[in-house]
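Notes to accompany the following structure.
The values are calculated or read from the model by the stated rules, or taken from the named source; none is laboratory data. In this text, all values refer to a predicted model and were calculated from it rather than measured experimentally. Every residue, glycine among them, receives a Cβ derived from its backbone with ideal geometry; neighbour counts consider all protein chains shown. Surface areas here come from the heavy atoms of the whole protein model, side chains and all, with no ligands, DNA or RNA. Shrake-Rupley method; radii C 1.70, N 1.55, O 1.52, S 1.80 Å.
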Amino acid sequence: MTDPSKNLYTLFESRFPADRTQIALETEDATTYSFGDLEIQSAKMANALKAAGVEPGDRVAVQAPKSAVALFLYLGCLRAGAIYLPMNTAYKPKEVDYLLRDAEPSVFVSDPDQVAVIDVAKKADVPRVFTLDGKGQGTLAEAAANAPNNFETLVSTADDIAAILYTSGTTGQPKGAMLSHDNLASNALTLHKAWGFVPGDVLLHSLPIFHAHGLFVALPCALLNGSKQIFLPGFNARRVVERLPRATVFMGVPTHYVRLLGEADFDRACTANMRLFVSGSAPLMEDTFREFEARTGHTILERYGMTETVMNTSNPYDGARVPGSVGPPLPGISVRVCKEDGEDLPQGETGVLEVSGPNVFKGYWRNPEKTKSEFRDDGYFITGDLSRIDENGYVHIVGRAKDLIISGGYNVYPKEIETALLELPSISDAAVIGVPHTDFGEGVTAVVVPEQSGAIDEAQIIATMKQDLASYKVPKRIIQVTEIPRNTMGKVQKNALREEYKDLYQ
Ligand code: MCA
Ligand code: AMP
């Protein structure tokens with residue numbers, strides 16, 4: 001589908017407008033950067049990385065706030081053939097430490113304010129540590145400013161790895177999903193076409209750029225279209241509402257849509273210029289879909305994907321967008337519903353969704369066993385999502401075979417949180433569940449048995465957990481019980497707990 005001699009950046013650049021003075025980015029303070037600036041600044045970044053000793057295939061780990069310069073860094077990595085490894089800015093030093101030791105990057109870029117994280121990187125013997133702040137300033141920006149303006153983008157083969165994104169697992173530690181230039185290029189071209197991008201589109205980009213949604217779905221559609229992006233440092237409903245009249249496309253997680261509906265002036269007038277709203281990363285509630293339609297006249301287009309596969313299915317741009325469904329597979333991508341043992345199920349039955357196509361990643365970093373266990377012999381990747389395919393070929397995600405909570409579009413694996421709880425001397429048993437939450441979709445919730453009789457200090461436990469865990473992972477509530485319900489096999493009855501606490505955040 002894509003020219004294998006092309007680096008993903010080269011593909012983007014081939015779609016930049018001939019007039020390179022056209023605006024590519026407008027930041028929150030109304031600073032603008034042209035497509036010519038993207039070329040020059042990404043070349044400077046590539047040169048700065050090379051001067052810092054980065055060789056093709058080296059990892060460049062980044063935990064920096066979103067900014068235009070952070071985007072130049074991503075593009076510079078692609079151009080230099082380095083593997084871009086973004087980290088959630090909420091990760092605490094202990095979480096960053098694990099990723100650095102696993103990925104062994106040759107460069108780490110950190111927010112200068114994160115002194116403890118920088119310390120961790122030095123102790124992990126990362127050869128070069130640079131800083132980059134939310135204003136795009138720091139030692140990396142200085143190095144780039146002094147670097148040459150031109151860089152010959154490395155010719156990549158289709159299978160060269162462009163990025164590693166870590167995803168946590170149901171059992172163990174986070175694992176790095178390796179995505180090739182071709183995985184990303186093929187998916188970007190497919191989405192750009194499927195979602196009907198046209199000249200003049202303006203993308204309002206308020207997603208983080210450390211996850212697939214903001215980095216591999218939203219961003220490349222705009223770059224391939226030669227479109228301007230209104231590039232906000234994060235999602236803020238008010239700031240989005242203020243800028244929507246100048247945009248045509250918005251992509252967000254369901255929490256973003258719930259919060260937009262909370263703004264009194266979010267209505268038909270404010271969205272009159274909009275062509276497309278896309279939702280994903282977590283299930284969009286039918287109520288949200290309907291209220292959105294009633295308020296704005298727009299139907300949200302829901303799609304479905306994973307870090308390991310980028311996008312798999314999408315409701316149609318032209319045609320029925322069915323609430324509660326994530327649409328048919330995208331062109332060139334095949335899906336099937338199987339039993340846990342891999343046997344195909346007849347159409348209409350519920351099982352685990354498996355996917356195959358040029359979008360499917362190359363495996364987990366330095367983890368061939370894990371890679372093997374998540375693929376079938378015929379190359380299909382096992383998503384762990386329980387699904388059904390209806391008579392029109394539309395996929396419905398009806399649950400998860402994996403023990404996973406999705407809170408505000410971020411994945412939280414109960415096992416990791418349960419392990420952290422059980423390390424606390426005050427807790428003898430723990431189960432972590434997700435229950436309906438009006439803002440985050442699911443609220444991370446812990447049910448614990450104290451070590452000794454007497455009340456636990458909920459606020460104290462939450463504060464302690466936040467020292468080592470990104471705070472979105474930390475339970476919003478910790479409920480004390482005398483016993484955790486288990487079946488005869490000793491397995492925690494999470495369904496019973498979810499039922500019992502289903503109204504906790506309503
Ligand atoms: C922030 N907080 C959260 C979350 N985000 N708690 C639970 N779940 C969350 N998602 C907590 C913080 O820990 C903090 O708690 C408090 O809220 C304020 O933090 P702040 O950062 O100011 O929050 P916010 O700006 O309101 O952020 C909420 C958000 C954000 C806008 C919904 O989480 C967001 O943009 N999410 C999008 C995630 C995303 O892009 N996912 C795509 C994954 P405290 O005060 O206690 O410290 S890619 C993917 O899933 C696949 C590939 C796909 O299909 O797209
Ligand atoms: P991750 O790749 O770790 O960010 O998370 C991917 C997971 O998010 C998928 O396996 C699904 O469980 C979930 N997901 C993504 N998009 C949707 C959607 N539209 N509806 C339901 N679940 C979704």
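Considering 69, 60, which residue is among the β-branched types (Val, Ile, Thr) and over 27 Å from residue 359 (Cβ atoms)?
Working: 60 fails: over 27 Å from residue 359 (Cβ atoms).
Unique residue meeting the criteria: 69.
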Checklist entry - How many residues does the range 112-125 contain that are assigned to a helix (DSSP H, G or I) and either aliphatic (A, V, I, L, M) or in contact (Cβ under 8 Å) with a residue 60 or more places away in the chain (or both)? => result 6
Checklist entry - Scanning for something surrounded by 21 or more Cβ atoms within 10 Å (Cβ to Cβ) and in a loop (DSSP other than H, G, I, E, B), does the range 126-135 turn up at least one residue? => result yes
Checklist outcome for this item: The condition from (1) hydrophobic (A, V, I, L, M, F, W, C); (2) modelled with pLDDT of 95 or more; (3) part of a loop (DSSP other than H, G, I, E, B) that residue 155 misses is numbered (2)
Next on the checklist: Given the condition open to solvent by 20 Å² or more (accessible area, probe 1.4 Å), closer than 26 Å to residue 95 by Cα, within 14 Å of ligand 2 (Cβ to nearest atom) and within 20 Å of the chain's Cα centre (by Cα), answer yes or no: does some residue in the range 198-210 qualify?
Outcome noted: yes
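A quick yes/no check of all residues on (1) part of a loop (DSSP other than H, G, I, E, B); (2) open to solvent by 60 Å² or more (accessible area, probe 1.4 Å); (3) in contact with a strand residue (DSSP E or B) (Cβ under 7 Å, 6 or more places away or on another chain):
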| residue | (1), (2), (3) |
| --- | --- |
| 425 | yes, yes, no |
| 430 | no, no, yes |
| 433 | no, no, yes |
| 454 | yes, no, no |
Checklist entry - So, in the range 326-356, of the ones that are among the small types (Gly, Ala, Ser) and either without any contact (Cβ under 8 Å) to a residue 60 or more places away in the chain or more than 15 Å from ligand 1 (Cβ to nearest atom) (or both), which residue ends up farthest from residue 287 (Cα to Cα)? => result 342
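Yes/no matrix, rows are residues, columns are (1) touching a Lys or Arg at 6+ places or on another chain (Cβ under 9 Å); (2) modelled with pLDDT of 95 or more; (3) acidic (Asp, Glu):
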{"position": "442", "(1), (2), (3)": "no, yes, yes"}
{"position": "454", "(1), (2), (3)": "no, no, no"}
{"position": "474", "(1), (2), (3)": "yes, yes, no"}
{"position": "488", "(1), (2), (3)": "no, no, no"}
{"position": "494", "(1), (2), (3)": "no, yes, no"}
Item to check | Matching residues, the range 43-63, being among the small types (Gly, Ala, Ser) and either farther than 21 Å from residue 14 by Cα or open to solvent by 20 Å² or more (accessible area, probe 1.4 Å) (or both) | outcome: 48, 51, 52, 53, 57, 61
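Conditions (1) open to solvent by less than 60 Å² (accessible area, probe 1.4 Å); (2) over 22 Å from residue 305 (Cβ atoms), marked per residue:
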site: 378; (1), (2): no, no
site: 391; (1), (2): no, yes
site: 401; (1), (2): yes, no
site: 404; (1), (2): yes, no
site: 408; (1), (2): yes, no
Next on the checklist: Here's a check for you: in the range 269-291, which residue that is out of contact with any helix residue (DSSP H, G or I) (no Cβ under 6 Å at 6 or more places or on another chain) and part of a loop (DSSP other than H, G, I, E, B) is most open to solvent (accessible area, probe 1.4 Å)?
Outcome noted: 285
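Yes/no per residue for (1) over 19 Å from the mean Cα position of the chain (by Cα); (2) surrounded by fewer than 23 Cβ atoms within 10 Å (Cβ to Cβ):
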site: 20; (1), (2): yes, yes
site: 40; (1), (2): yes, yes
site: 65; (1), (2): no, yes
site: 73; (1), (2): no, no
site: 96; (1), (2): no, no
